[in-house]
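Notes follow the structure.
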Amino acid sequence: MMECNQYDVIKVEDGKKYVKGTIYSDTTPSVMPENGDGIEGLSSDVMFATGMTFFSPDGMKMLFPSGWQDM
């Protein structure tokens, strides 16, 4: 299960909200999410802005312009 309890809206463009916040998950998925689809607290029209973070027991990732990177 993945969830995001708090986020900040960075911008709204073309009907999509770009947000920066933290996703918490029991495991790290093999393919990192690109939007809020399937994440509790978000919807599929939510896109992730640079600086979004992901925490799981496996480790931490941060979204950079080039994509998700291990921290």
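Every number here is computed from the coordinates shown, using simple stated rules; none is lab data. Since the structure is predicted, the reported quantities are computational estimates derived from the model, not experimental observations. Cβ placement follows ideal geometry from the backbone for every residue including glycine, while neighbour counts extend to all protein chains displayed.
Inter-label distance, S30 to K16: 2.5 nm, where each label sits 7 Å from its Cα along the C-beta direction. Residue-normalised convex hull volume from the C-alpha trace of the chain: 82 Å³ per residue. Taking every alpha-carbon pair under 8 Å whose residues sit at least 6 apart, the stretch 2-70 reaches a relative contact order of 29 percent.
Ignoring aspartates and glutamates fewer than eight residues from K20 along the same chain, the ones with Cα atoms less than 20 angstrom from its Cα are E3, D8, E34, D37, E40, D45, D70. Of the GluC sites (Glu not before Pro) found in the chain, those that fall in a DSSP loop while having at most 12 other beta-carbon atoms within 10 Å are E34. For the chain, the dipole from Cβ point charges (+1 on Lys and Arg, -1 on Asp and Glu) about the Cα centre works out to 220 debye, to the nearest 20.
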